[in-house]
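Heads up, the thing below is written out as structure tokens.
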Protein chains: 2
Amino acid sequence: MAAGAAQARSGSRSRIQTENRALITQAALDVFSTDGYRGATVDRIAERAGMSKTNLLYYYPSKEDIYRTVIEQTVEDWLRPFAQIDPDGEPIEELRRYITVKLKMSETSPEASRLFANEIQRGAPLVMEFLTTRLKALVDEKAAVIGTWIDQGRLAPVDPYHLIFAIWATTQHYADFEAQIGALLGSQAKGPGFSEQASHAVLSILLNGIRPR
Amino acid sequence: MAAGAAQARSGSRSRIQTENRALITQAALDVFSTDGYRGATVDRIAERAGMSKTNLLYYYPSKEDIYRTVIEQTVEDWLRPFAQIDPDGEPIEELRRYITVKLKMSETSPEASRLFANEIQRGAPLVMEFLTTRLKALVDEKAAVIGTWIDQGRLAPVDPYHLIFAIWATTQHYADFEAQIGALLGSQAKGPGFSEQASHAVLSILLNGIRPR
DNA sequence: TCCAATTTTGACCAGTTAGTCAAGAAATTT
DNA sequence: AAATTTCTTGACTAACTGGTCAAAATTGGA
């Protein structure tokens, strides 16, 4: 019996399947994140994955299919630390931890951040449903948590939604605008202590603000 | 005498020239900002500008030429308010004004913001030189100003460069991630009071932080 | 009005791209 | 080792893309 194209939906994955799918998604992440969906070419992804385009299309039947896979993976990774914000934790400590994790993610996988940013900038054609359902539910939930913290006087009174946006914005900026930051800071941005420096500054600004105390 | 293609570099511009060039750059801004450089097609830009592709290419001889024009214009607009930060002004007031202007820009021309973001995310192939020369000089200058303010105790002690990044990140987020914000806030994000609400929240977070006082 | 310059267009071309197909190579099972 | 399944590839196609060209339509000044 001829197995469906690369065991499409079946759970069983051979060693080769697993390896090649990983190679492809990694390559796709690189290419999509710099060239965008339309700008990326299947040929280029295949080349970077070290195989022929035909072979790549054996594993993922279409360009959109690869993109979908990669972006879904990205979204999952992106969501996890946000979901872990603990309503029973110390507010400042919880947010400090979340900000730190997000900054770390921007440092270790800027491509994923850029891929997501790109998708949103295009009007989120693929993840719009995710945004309005799962993400919205989660954001509403966490915004309520932040609201409670504010009511308890454990956090300054700011709109919880905009606070979430501010955290996302500042942390992802280091991935999405990496080229600009590198150009403006020169060698400093590549040095070893940079991420600690950035982390310290971002935390200081978001937690304490810039008004002198 | 046959005039060079659409008076290429000559200063003289007929009424038709002026009108059509404006139509083209506006259309190009829309298309480039959503589809990216490679994803955008000359045909699509022409269609949106309401003319044939051939005619568009009469005014701008190549796709790259249009892109260059649009992005240079964008960069100029983007730089102006930053350059206006006054070393002799009241620090908090100066930064408040700058943040407010940038938020307004995100609201009135989100396409320009997305176009620039897109260019940077691609590794800034076209504006890299601008970043490392003119922009770097200006940022160094303003960072020094902020440093002085901090030394005078008129601003909390934060790294000036990262402060600038934080301001850029938070303000542009409202343009670049418009789709996400709309999806998460629903009707609220389209309402009339929204930009004031966003502005208030961003200013509150950046100026005062989220730690309760 | 008449004429030259400007503006606009359809037909066309060469290069690129996503995806197909049939056949060969490699791995796995029997 | 033979048979079968899985994996890989080169050759190909149809659609699309950036750009050219020559000719037609329009504009504006004399």
- Message: Among the residues of region A:55-72, are any in a helix (DSSP H, G or I), within 22 Å of B:G39 (Cα to Cα) and of a type in the set (S, T, Y)?
- Response: yes
- Item | helices (runs of 4 or more DSSP H) contained in region A:106-213 and holding at least 3 residues more than 7 Å from every other protein chain (Cβ to nearest Cβ) | A:110-121, A:136-151, A:160-176, A:194-208
- Message: With the requirement that a residue be surrounded by fewer than 17 Cβ atoms within 10 Å (Cβ to Cβ) and more than 9 Å from DNA strand C (Cβ to nearest atom), what does region A:56-68 give you?
- Response: A:R68
- Return the pairs, sorted by first residue and then second, in which the second residue is open to solvent by less than 30 Å² (accessible area, probe 1.4 Å) and modelled with pLDDT under 95, the first residue lies in region A:190-204 and is assigned by TED's automatic domain parsing to the domain that holds A:V101, the beta carbons are less than 7 Å apart, and the residues are 6+ apart or on different chains. none
- Looking only at region B:78-105, count how many residues are outside any helix (DSSP H, G or I) and within 9 Å of chain A (Cβ to nearest Cβ). 0
- Could you grab the pairs with beta carbons closer than 7 Å, sequence gap of 6+ or different chains, first residue in region B:45-68 and within 14 Å of chain A (Cβ to nearest Cβ) and near DNA strand D (Cβ under 6 Å from one of its atoms), second one among the β-branched types (V, I, T) and in a helix (DSSP H, G or I)? B:K63/B:V42
- Message: Take the conditions touching a residue at least 60 places away in the same chain (Cβ under 8 Å), of a type in the set (V, I, T) and open to solvent by less than 10 Å² (accessible area, probe 1.4 Å) and apply them to B:T171. Does it pass?
- Response: yes
- Considering A:L135, A:L126, A:L103, which residue is within 16 Å of A:I167 (Cβ to Cβ) and open to solvent by 10 Å² or more (accessible area, probe 1.4 Å)? A:L103
- Restricting attention to region B:27-44, and to residues there that are within 23 Å of the chain's Cα centre (by Cα), open to solvent by 30 Å² or more (accessible area, probe 1.4 Å) and more than 23 Å from B:F177 (Cβ to Cβ), which single residue is farthest from DNA strand D (Cβ to nearest atom)? B:R44
- Item | Failed item in (1) within 16 Å of DNA strand D (Cβ to nearest atom); (2) in contact (Cβ under 8 Å) with a residue 12 or more places away in the chain; (3) of a type in the set (A, V, I, L, M), with A:A22 passing the rest | (2)
- Item | Scan of region B:14-26 for residues that are open to solvent by less than 60 Å² (accessible area, probe 1.4 Å) and away from DNA strand C (no atom under 13 Å from the Cβ), ordered by number | B:T25
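The values are calculated or read from the model by the stated rules, or taken from the named source; none is laboratory data. This is a predicted model, so every value here is computed, not measured. Neighbour counts run over all protein chains shown; Cβ positions are idealised from the backbone, glycine included. These area figures cover heavy atoms from the full protein model, side chains too; ligands, DNA and RNA do not enter into them. Shrake-Rupley method; radii C 1.70, N 1.55, O 1.52, S 1.80 Å.
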